[in-house]
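Derivation of every value follows stated rules applied to the coordinates shown; laboratory data play no part. As the structure is a prediction and not an experimental result, all values here were calculated from the model. Cβ coordinates were reconstructed from backbone atoms using ideal geometry, including for glycine residues, and neighbour counts include every protein chain displayed.
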Amino acid sequence: MRIQKRLGGFLAAVALIGMVLGFTGFAHAQAKDVVIGVLYPMTGPSAQIGIDAINIIKVALDIINNGASIDLPLAKSKGLSRLNGAKIRIVAVDTQGKADVGQAEAERLITQEKAVALFGAYQSAVTTTASQVAERMGIPFVNADSSSPALTERGYKWFFRTSPHDIHFSQVMFDFMKDLEKKQNVQFKSVAILNEDTTFGTDSAKAQEELAKKYGYTVAARVPFRSGTTSLDAEVGRMKSANADVFLPSLYTSDAILLTRTMRNLDYNPKLLIAQDAGYTDPKFVTEMGKEAEGAITRAPFALDLAAKKPLIPAIDAMFKKLSGARDMADVSARAFTAFMTLADAINRAGSTDPAAIQKALQETNTPPEQLVMPWTGVKFDEKGQNIGVRAILRQLQDGTYHTVYPFDLATKNAIYPTPAWSQRK
């Protein structure tokens, strides 16, 4: 009994000393790494997208874990201040752009890697299955770049998207068409829609078809095709025969490259091409196509040429270049940075790695525009988990570089209309 009393007194004294010095068992547990599971395609046709996303997340980790001389709240301390300086550690997995791989990896990240939140996954189809796992297991899932409107229409409570979806993006396309008609004193009567057949392309085409009817444009053709196809001759032939005023393609990188080459070979030259992001904003597409894609317009949530109005852009871009081999930050990487910082901020505000506490903090997010590299009004989620502060823009490839052309108040260059003929793209 005497030994037990002495032991009890000793343990009490140790606990008291620990509390004074700030290293009790609880505090030590709180200072452990906070694990976030990251899902992106790092092999296959969209590999560069995934590589860029991981590199920009490494930039975010450097800012959060080591501090930085930039005007962001999480840059002011080393580690998460409300978790005793805990560091964030990511476990990144390659989804290969496949929905079933994303689903399996999401479950492994939660059950084996003990991720307190999931992040990703670019392709809407992969995000769909991976976020189903997170919803079932009660783990926050933050998405930076999947644009299927259906993702935030499922009644999920653990899913949060910072970026615009296809309806936001498609809306800005049709607003541009109407405003360009007034500016150029022209009238567009018809559109032709080409889409790859995954969730992204299908939802995009549906949104565009509905908006075309709303704005009074005839849908001269709507042609789906299998993603990753080896030939688009028949599809481009149908587009050419439709002879619509505006061509609206929705596809990923390898398909965008194939489409451009096929359009050149078949001399298909629409007056206006407005793409649904994805392949058209991949730096690989711009590098490979060069002037062959001159005049192509794509929707986007981000533009590097807005740096004069967004001082955070050059600061983050400089850090990104050190990891990317001098490549500039682009659409997907900028979105990934924004979303990852949003998630990290929520974890810090939660002051806990409890998923429910992180979920609550995400629901209470209200990031002001000056803390973003994006041209948005902020980050604030509605009851469906969609950021209501989004703002889409349009960019056009001119002399091998994308420039913001719409909204006109943000434009850094005037839009070229009509699209240059193939003979002029040399």
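Residue ranges 281-288, 219-226, 95-102, 191-198 sort as 191-198, 95-102, 281-288, 219-226 when ordered by packing (mean number of other C-beta atoms within 10 Å per residue, highest first).
Screening the chain for whole DSSP H helices of 15 Å or more along their axis (Cα) with average Kyte-Doolittle hydropathy at least 1.0 returns 2-21. Within the listed set PRO140, PRO314, PRO301, the residue fluctuating most in the Gaussian network model of the chain (springs between alpha-carbon atoms under 10 angstrom) is PRO314. Checked against a 29 Å cut-off, the cross-linked pairs LYS178/LYS240; LYS98/LYS271; LYS182/LYS206; LYS114/LYS384 give Cα-Cα distances beyond that limit for LYS98/LYS271. Exposure proxy shown here: for MET177, MET374, MET137, the number of other Cβ atoms within 10 Å sets the order, fewest to most, as MET137, MET177, MET374.
Residues with beta-carbon under 12 Å from that of ASN65, excluding ASN65: net charge, scoring Lys, Arg +1 and Asp, Glu -1? Net charge in that neighbourhood comes out at +2.
Each Lys and Arg contributes +1 and each Asp and Glu -1, all at the Cβ; summed about the Cα centre of the chain, the dipole is approximately 1040 debye.
Cross-link partners for LYS291 among the aspartates and glutamates, with Cα-Cα distance under 16 Å and sequence neighbours closer than 8 places in the same chain left out: ASP267, ASP282, ASP399. Taking VAL186, VAL116, VAL172 in turn, the Gaussian network model of the chain (Cα-Cα springs below 10 Å) assigns the largest fluctuation to VAL186. Electrostatic tally near LEU304: other residues with Cβ closer than 10 Å to its Cβ, Lys and Arg +1, Asp and Glu -1, net -2. Look at the dipole of the chain built from charges on Cβ: of ALA293, SER131, SER241, the Cα furthest out on the positive end belongs to SER131.
Pairs to check: LYS157/LYS213; LYS284/LYS322; LYS32/LYS78; LYS189/LYS214; LYS310/LYS380. Give those whose C-alpha atoms are more than 22 Å from each other in this structure. Too far apart for the 22 Å limit: LYS157/LYS213. The range 57-116 and the range 336-407 have Cα centres spaced 16 Å apart. Taking K and R as +1 and D and E as -1, what net charge do the other residues with C-beta under 11 Å from the C-beta of SER352 add up to? Around SER352, the charge tally is +2.
From the square roots a ≥ b ≥ c of the eigenvalues of the alpha-carbon gyration tensor of the range 188-331, which class results: rounded (a/c under 1.5), prolate (a/b over b/c), or oblate? Prolate, since a/c reaches 1.5 and a/b exceeds b/c. Taking amide H as placed 1.01 Å from N in the peptide plane, the amide H of LYS413 sits under 5 Å from that of THR404, each at least 5 places away or on another chain. In plain terms, the residue of HIS165, HIS403 with the fewest other Cβ atoms within 10 Å comes first and the most crowded comes last, giving HIS403, HIS165.
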